[in-house]
Each structure stands twice: as C-alpha cells, then as structure tokens.
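The values are calculated or read from the model by the stated rules, or taken from the named source; none is laboratory data. Not measured: the values here are computed from a predicted model. Neighbour counts run over all protein chains shown; Cβ positions are idealised from the backbone, glycine included.
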Amino acid sequence: SVSAAVVAVELISSARLSRNLDSVRTEYSARYLLDNNAASPNLTVRACLEFAIKNGLPKAEDWPLLGSSDKQPPPSYKPPLVTMKGEVVEPDDMDEARELLKHQSVGAKVHIFSPHVELQQGAIYCGSSGEPATYMGLRDGIITGVEKFKGKSIAVVKVWYKKKFIFLKVAMSRMFYDGYLDIGPTILLVNFCAPRLSIK
C-alpha cells in the first residue's frame, strides 16, 4: 500500500541519518517500492524495508515522484541504487520500541477512531473513551519520540491518514477492547518495526 511505502522510506531516511550513513536527511523513493511490488496489493512496512535492504533503493529525485502522472521508466532505465545493509527488527512491545527510539524512529500501526483522530490533534489521542465512535482500522505511522505529560508517557506519532501525514500524541498506556470487532484488549500502538542498518 502507499502508506507502507511512504512510512518505510521515512524510516530509512531517519535510520541512515542517525547512523551517519547520510550526512544530510535524504529522501528515498516510495514510488519505486510500489512500482517494484505491484503484484503485492497488501504491501506492509516490513516487506518494503526488507525489499530495500535486499535490493537497494533510489533517491526520490532519481525516480518519478509518488502521485505524479509520470509513467514508470522503461526496464532499460536503471536508477542509481543506494545500498542498504542491515535487517528489519520488530520490537515485541512498547518498552523495546522505546529502547530503539533512543537512536532512530520506529514504525508502528495505530488504532484509529473517528472523529477522535480529527478532534484530538494537538491534544492527547486516547482513541474512543466510550462516546460514539467509528473504528477506522489500523493506520501506518512512525513514532518519532516519547514525551511526558502529567506523569504519563505520550508517543509522538506521524500517522499516514487520508493521503497525508498528521501528528498525533498517543497515550501509550491507553487500553481498549471491542468484543464486536474482536479487537483487544490492546494498546493503541501495535506492530512495531524498524530498519537496523549497519555501517559496514
């Protein structure tokens, strides 16, 4: 999916900068990931990261931009690929994710409720608190850091929602359960993953 590719290249940019593999923040091509995985309609962030580590990835400037009307280049065109050495890691829980956050951003999925996701931007996103809500499903996001608010830990998350990134401050300890949808009990942030890139 578009969200998986966009989140994956953001994670790669963050990881490469933190490891000093890039001297400045560099954008990589999300569309290249989509064009080369067109047969995988349910593309995940993990799959995108694994593809990039295995095959390399062009910079965004060396491939048509995501959303542009430019056609995919012919097979004869071989863009310069940046080599990505490393592995994809999947923290088991928020504690492991926080350890990784000391060095780089971490991918995650966020349980999204409407209208709360729109109303709680700038406030603390707690999902549904019992009031009427529509469950929108899981959305790909990037945890960029952790803050404290009134003694509670809050994750700062860039979420791909309605074809753009929005920032949410997600209550990390907030649990929810939906018997009808067979979800939970769970916290709002799940499915953590990140590229652990090596220098050599």
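Structure summary
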{"read-out": "Among the residues listed as Lys148, Lys163, the single one being out of contact with any Lys or Arg (no Cβ under 7 Å at 6 or more places or on another chain), basic (Lys, Arg), loosely packed, with under 14 Cβ neighbours inside 10 Å and in contact (Cβ under 8 Å) with a residue 60 or more places away in the chain", "value": "Lys163"}
{"read-out": "Only one of Ile143, Ile154 that is crowded, with 16+ Cβ neighbours inside 10 Å, modelled with pLDDT of 95 or more, under 18 Å from the mean Cα position of the chain (by Cα) and not assigned by TED's automatic domain parsing to the domain that holds Leu11", "value": "Ile143"}
{"read-out": "Subset of region 87-128 (residues that are closer than 24 Å to Ile183 by Cα and of a type in the set (A, V, I, L, M))", "value": "Met94, Ala97, Val106, Ala108, Val110, Ile112, Val117, Leu119, Ile124"}
{"read-out": "Which numbered condition Ala52 fails, given (1) modelled with pLDDT of 95 or more; (2) small (Gly, Ala, Ser); (3) assigned to a loop (DSSP other than H, G, I, E, B)", "value": "(3)"}
{"read-out": "Test: residue in region 158-178 that is among the polar types (S, T, N, Q), modelled with pLDDT of 90 or more, out of contact with any Pro (no Cβ under 6 Å at 6 or more places or on another chain) and not assigned by TED's automatic domain parsing to the domain that holds Leu43", "value": "no"}
{"read-out": "Selection from region 75-98 of residues that are part of a loop (DSSP other than H, G, I, E, B) and within 20 Å of the chain's Cα centre (by Cα)", "value": "Met84, Lys85, Glu90, Pro91, Asp92, Asp93"}
